[in-house]
Amino acid sequence: MPDRPWPAAPVIYQIYPRSFRDTTGSGTGDLNGITSKLEFVADLGVDAIWLSPFYPSPMKDGGYDIADHMEVHPALGTLGDFDHLVARAHDLGVRVMIDQVFNHTSTEAPWFKRSVARDPVYDDYYVWADPKPDGTQPNNWLSQFGPPAWTWNHKRRQYYFHNFTSDQPSLNLRNADVQAELKQIMQFWRDRGVDGFRIDAVTSLLFDPSLKDNPPATPEVRDKVSGENFVPYTYQDHAHDILPGDGVDYIQNLRDWAGEGAFLIGEVTSGNKSVDLACRLVADGGMSAAYTTDLPEKKATAAAYADILDRSDDPGHLGWWLSSHDQTRHLGKAGDGSAREARFFALLLATAPGSVLIYQGEELGLVQPALPKAAVTDPLDLLYWPDGPGREGARVPYPWAEGGNRGFTTGAPWLPMDWPEGISASVQHIDKGSVLNFYRDALAFRRASMQDLTLRHWERDGDVIRLSYPAAYVVLNFGAEAVEVEGAADLSSDRIDGTLPGRAGAVWLR
Ligand code: GLC
């Protein structure tokens, strides 16, 4: 791989390792399972895979609570398995990106235990603060999941800060020793052949060290919140707990630590400042790309799509996506669940002006199955059950085949796999008209005919978005009514007959 530079706007396929394929019968997916399916992934026509965390973890947040950043979770394999995976991916021409969760560790990480014990080396590795004189929390900051961002530790008689659950103490990224550790982690994985990194919660990495209270969000700020206001986090203006002042400059460190040629894509989870922050992160070559939750959370409407373009002067450096391990699958949430709409969304992604993130299984047109509460382990889903975001449902293992446990495992899958018959990869592979084959066609089209994704012009007319690239013209019809178009398209998600039907898209080459 290394001798070819990354494409400017790669198509990246996200794999949630526990749910892709199990080769041991444990019921949990593993690294060898991923390797066994890389040919399938390469056939889709993606440039890279991004692996969600596969590190040792007590799994209090689906693996995003890491106990050791430089090992493989024993249930998922070994470092040797990881090396095989990378070698196989590279043989197939697919680059490998891994998740780097630098905002926090697990409370089970040795660093945290030593910090609690005030070991002088680790004393300052996390964000510790004294209580106010009345014993309450140091300030009004809230975790992104809702509850306060501070948890009391009786041994240190201090609070520790956490942007997510109390099992995920935030690292003090201003500490030089912590920085040296993170650099070492990135180099460790680069030395194993990793080509790029997805930086988890990048907007949370820094905060204002004066720990000032956040002011309440003004109506204008609240208006920009993506998704629903169901967490109190959205009631604040994140003036002090998210990348303040020097925060964006800090990204240059990640760039330096990652080393030459690495693709860095940042996840922006910053509520009301999302697109603006994403644009600042990619300015001056800091991040290669950054993405926000706006499009999936606002149910992929024409208005949401246009709003991102409106707020960005550089859409080529944004990441465009609809589903992930953190969101209810888009086909049932933003669409009617049909194969026809799955093709529309595929075309939307394949024609997007920047990097594209595809989440495992969306290429089958999967609609998320319901899960019984007893099966759910995700802390965010459980906190607001049954009204949470449905993160765990998006992690139901992949249906490779019909029957049994759908070719995912020979054991008992870690989540119930309540998929309908007839949607598996093996059935769709041989059906020319399947959603899977449309994804393949659309991505092949992007690769062959849409290399230059400089957006020359775009417009929104109600439910219709039109994009004009140097060599292609795209119409996306998000509405129910057909719109008039001229001539046969070079690629379309539905039949064109002088008009483009509702919930369909098409591309014309110039
Ligand atoms: C990111 C991950 C999410 C996790 C959170 C905390 O948003 O995508 O799954 O819960 O970070 O690490």
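Couple of notes before you dig in:
- Amide H to amide H distances under 5 Å link His104 with Leu171, where only residues 5 or more positions off or on other chains count and H is placed in the peptide plane.
- Region 454-509: relative contact order in percent, alpha carbon pairs under 8 Å with at least 6 residues between: 30 percent
- Helix 176-191 axis, angle to the chain major axis (alpha carbon atoms, nearest 10°): 40 degrees
- Folded to 0 to 90 degrees: helix 79-91 orientation relative to the chain principal axis, Cα: 30 degrees
- Spacing of the modelled spin labels on His154 and Asp452, each 7 Å from Cα toward Cβ, amounts to 6.8 nm.
- Pairs from Lys224/Lys299; Lys37/Lys432; Lys60/Lys299; Lys113/Lys373; Lys333/Lys373; Lys60/Lys113 whose Cα-Cα separation, in the structure shown, is over 22 Å: Lys60/Lys299; Lys113/Lys373
- Plainly put, the chain has a radius of gyration that is 0.96 times its Kirkwood radius, both from alpha-carbon atoms, as the Rg/Rh ratio.
- Its relative contact order, with pairs defined as Cα atoms under 8 Å and 6+ residues apart, puts the chain at 13 percent.
- Note on Tyr160: accessible area is roughly 20 Å² with a 1.4 Å probe, heavy atoms of protein only.
- Couplings 3J(HN,Hα) of region 64-70, computed from phi: 7, 10, 8, 9, 8, 6, 10 Hz, in residue order, whole Hz [Karplus 6.51 cos²θ - 1.76 cosθ + 1.60, θ = phi - 60°; x for Gly and Pro].
- Radius 15 Å from Cβ of Gln451, net charge of other residues (Lys, Arg +1; Asp, Glu -1): +2
- Largest to smallest in accessible area, the residues Val356, Val121, Val427 fall in the order Val121, Val427, Val356 (1.4 Å probe, all protein chains included).
- Solvent exposure of the chain, expressed per residue, is 37 Å² of accessible area, with all protein chains present and a 1.4 angstrom probe.
- Accessible-area composition of region 290-410, carbon plus sulfur, in percent [1.4 Å probe]: 53 percent
- 3J(HN,Hα) along region 306-316: 5, 4, 5, 4, 4, 8, 10, 9, 9, x, x Hz, from the Karplus curve 6.51 cos²θ - 1.76 cosθ + 1.60 with θ = phi - 60°, whole Hz, x for Gly and Pro.
- Residues Thr105, Thr28, sorted by accessible area with the largest first, give Thr28, Thr105 [1.4 Å probe; ligands and nucleic acids excluded].
- Using a Förster distance of 41 Å, the FRET efficiency for Phe188-Asp431 (Cβ separation, nearest 0.05): 0.45
- Seen from Leu206, the other residues with C-beta closer than 11 Å to its C-beta sum to a net charge of -3, counting Lys and Arg as +1 and Asp and Glu as -1.
- Maximal additional length on extending the Asp418-Glu260 stretch stands at 52.5 nm, based on 0.36 nm per residue less the C-alpha distance.
- Computed label-point distance, nm, for sites Glu39 and Asp497 using a 7 Å Cα→Cβ extension: 4.1 nm
- Applying a DSSP loop filter and a limit of 14 other Cβ atoms within 10 Å to the GluC sites (Glu not before Pro) in region 156-235 leaves Glu228.
The values are calculated or read from the model by the stated rules, or taken from the named source; none is laboratory data. Please read these numbers as outputs of a predicted model, since none were measured by experiment. Virtual Cβ from ideal backbone geometry, glycine too; neighbours counted across all protein chains shown. SASA here: full protein model, heavy atoms, side chains in, ligands and nucleic acids out. Shrake-Rupley method; radii C 1.70, N 1.55, O 1.52, S 1.80 Å.
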